[in-house]
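Here the structure comes first, spelled out in structure tokens, and everything after it is commentary.
Only the coordinates and a few stated rules stand behind these numbers; no lab work does. The structure presented is a predicted model; accordingly, all values stated were derived computationally and were not measured. As a convention, Cβ positions derive from the backbone with ideal geometry for all residues, glycine included, and neighbour counts pool all protein chains shown.
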Amino acid sequence: MTTAAAGALCLGLVACGDVQDASTQTSGPAASNAADSFPVTINHKFGTTTIDKAPSRVVVVGTSSDDLDAALALGVTPIAFFDKSGNSGAPEYLQGKIDTSKTKIVNAANGVNAEEVGALTPDLILATADYGLDQEYANLAKIAPTIGYATEWGAQSWQEHVQVAAKALGRQAQAQGVLDSTQAAIDKVKSEYPKAAGKTFTASVGNTPGKMFTLVSPQDFAVQLLQSAGLKLSPAVADATKNEAGSPTGTLTPEQYDKLAADLVVVAFTSTDNQKAFEDNQLVANIKSGNYLVTDMATISALRYPTVYGIPWVLDKLKPGFAKF
């Protein structure tokens with residue numbers, strides 16, 4: 001991963017359906033309804049984009065897979081996903097949801113090559129989850145109608161990603177079903193683990209020696225997801241050193257690691273050395289003896305950037321922690 005992409009998927013940029021072939025989208029009742037909804041106009045940070053007809057060759061560019069998930073859940077198969085997270089394959093939570101013989105996965109950690117996008121002859125580019133779009137929008141918009149984020153990168157909820165993608169794809173009639181299905185997965189966890197209600201949590205990443213990055217903001221989408229499942233963010237991390245103005249993450253140094261103590265402590269490490277350094281700290285003894293859930297970077301990334309298919313998957317990964325209440 002590049003530094004920017006790794007940071008975005010670790011715990012903050014400052015710190016570190018059924019698949020339907022796009023070629024068949026123009027047939028059937030759903031496709032007919034989609035065609036009837038055009039033209040559509042979408043306002044975003046980079047201007048106003050008008051889509052004249054139902055797109056059939058959709059390209060997604062993103063640091064997270066919000067737009068990709070939304071398109072797939074809405075019954076549209078993008079022809080390519082330019083993944084700026086640094087991964088060369090589809091996220092694990094999209095297994096069974098995506099056909100990579102129909103959706104090309106491009107490792108775009110070093111930036112998006114506009115010529116490579118243009119060679120695919122897209123008629124729509126979804127880029128509402130693209131960190132760095134301010135540098136790329138002008139070139140992408142020359143290729144095809146391009147939809148950017150509304151105000152700033154990372155400020156749109158998973159629900160808003162679905163709603164914008166649905167409008168751009170002419171699938172607004174299907175959007176509420178996608179939202180309801182994802183919310184049902186959250187509600188199911190909440191009902192399965194009623195003892196989790198009101199329990200505190202912290203969620204952190206150890207990807208740098210001598211410090212931990214941790215979620216500190218109630219406005220963070222990861223925090224909101226876990227709180228919607230019944231938990232609440234531990235107030236002990238509220239005074240963690242903020243990484244930069246407006247950042248949802250904070251930094252804790254070794255003498256502050258006791259602040260991570262909570263009813264559920266979720267941590268991911270990028271190396272065994274980082275994990276050992278953390279766990280050898282005397283202030284972590286009580287944490288390790290409690291509800292301490294060490295997970296992997298894929299899980300913490302899916303938590304950090306909730307998407308319609310990532311949400312059920314990451315909640316399932318966190319169930320061992322919920323089950324201890």
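By DSSP, the beta bridges lying fully in the stretch 191-322 are antiparallel in about 45 percent of cases.
Taking the helices alone, the chain has a mean residue ellipticity at 222 nm of -10000 deg cm²/dmol, built from -39,500 (n - 2.57) per DSSP H run of at least 4 residues and averaged over all its residues. Looking at the chain only, what percent of DSSP beta bridges run antiparallel? Nearest 5 please. Among the beta bridges of the chain, antiparallel pairing accounts for roughly 35 percent.
For the chain, the residue among GLY75, VAL117, SER204 whose Cα projects farthest onto the positive side of the dipole built from Cβ charges is SER204.
Peptide packing: for 124-136, 83-95, the average count of neighbouring Cβ atoms within 10 Å per residue gives the ranking 124-136, 83-95, highest mean first. When +1 charges are put on Lys and Arg Cβ atoms and -1 charges on Asp and Glu Cβ atoms, the dipole computed for the chain relative to its Cα centre reaches about 540 debye. Quick one: grab the alpha carbon gyration tensor of the chain, order the square roots of its eigenvalues as a ≥ b ≥ c, and give me rounded if a/c is under 1.5, else prolate or oblate depending on whether a/b is larger than b/c. Taking the square roots of the gyration eigenvalues as a ≥ b ≥ c, the chain is prolate.
Pairs LYS199/LYS317; LYS97/LYS142; LYS84/LYS188; LYS102/LYS167: which exceed 21 Å Cα-Cα?
LYS97/LYS142; LYS84/LYS188; LYS102/LYS167
Rounded to the nearest 20, the Cβ-based charge dipole of the stretch 54-211 about its Cα centre (Lys and Arg +1, Asp and Glu -1) stands at 380 debye. The alpha carbon centroids of the stretch 178-220 and the stretch 109-154 are separated by 30 Å.
Once a ≥ b ≥ c are taken as the square roots of the eigenvalues of the Cα gyration tensor of the stretch 267-325, is the result rounded (a/c under 1.5), prolate (a/b larger than b/c) or oblate (a/b not larger than b/c)?
oblate
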